[in-house]
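The values are calculated or read from the model by the stated rules, or taken from the named source; none is laboratory data. Everything numeric in this text was worked out from a predicted model, so none of it was measured. Cβ placement follows ideal geometry from the backbone for every residue including glycine, while neighbour counts extend to all protein chains displayed. Note: accessible area is taken over every heavy atom of the protein model, side chains too, but ligands, DNA and RNA are not part of it. Shrake-Rupley method; radii C 1.70, N 1.55, O 1.52, S 1.80 Å.
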Amino acid sequence: MNSILRKSILGIAGLTVAGGLAAGPLNHTDTTPTTRDAAAVTTQAATPDTAALIPHGVQGTQSHIDLGDEQTANVKAIIAATKKAGMDERAAVVSIATALQESKLENLGHLGDRNDHDSQGLFQQRPSSGWGTVEQITDPEYSTTAFLKGLKQVDGWRDMPLTVAAQTVQVSAYPDHYAQWEQQAADLVAQHWNS
């Protein structure tokens, strides 16, 4: 399949799914880990496999930033919340790449005139869109759990390129920007998953 046709199909599929998520997370309460998620969590002692972290290969030019202590703590909080949700390393890669794009892994409060509406926290979630209160979405565990809850509701997210999965949850004005963080997110998961 040529790449233009493939991108068109993925774009239409993403828009179809995103239509239900545009106002915020779906009210899905099933938090039961899938067999695949449970197996990934129970084998935590092994070093994450790069093929599992980046199953589709990285797309486009990759970006990288040096992390400070706060950002590294937020990486660890995202990984801990992912494990607590019973999800695997790939979910952590998608989450960390999303937070890298949205906030550079900084737990942002209200930015005044530079704020995108009422977006705050690691994932730039909006209280007005149903993501939670300001206190909740600026809590790394809560905001990660909310993101993962949305990700779980995306049918076939594991089979999508990272940027499509992230965009389906986030409904960003810049849907392709998540892809640039996949390698750094995978490196961070490989480094911190068992720490």
Next on the checklist: So, ALA81, is that one modelled with pLDDT under 85 and either more than 26 Å from GLY121 (Cβ to Cβ) or not in a loop (DSSP other than H, G, I, E, B) (or both) or not?
Outcome noted: no
Checklist entry - Checking THR144 against (1) modelled with pLDDT under 95; (2) touching a Leu at 6+ places or on another chain (Cβ under 8 Å); (3) of a type in the set (S, T, N, Q), which test does it fail? => result (1)
Next on the checklist: Within the range 56-71, take every residue that is out of contact with any helix residue (DSSP H, G or I) (no Cβ under 7 Å at 6 or more places or on another chain) and under 26 Å from LYS152 (Cβ atoms) and give me the one that is most open to solvent (accessible area, probe 1.4 Å).
Outcome noted: HIS56
Checklist entry - Could you list, in sequence order, the residues of the range 84-125 that are at pLDDT 80 or above, among the acidic types (Asp, Glu) and touching a helix residue (DSSP H, G or I) at 6+ places or on another chain (Cβ under 7 Å)? => result ASP88, GLU89, GLU106
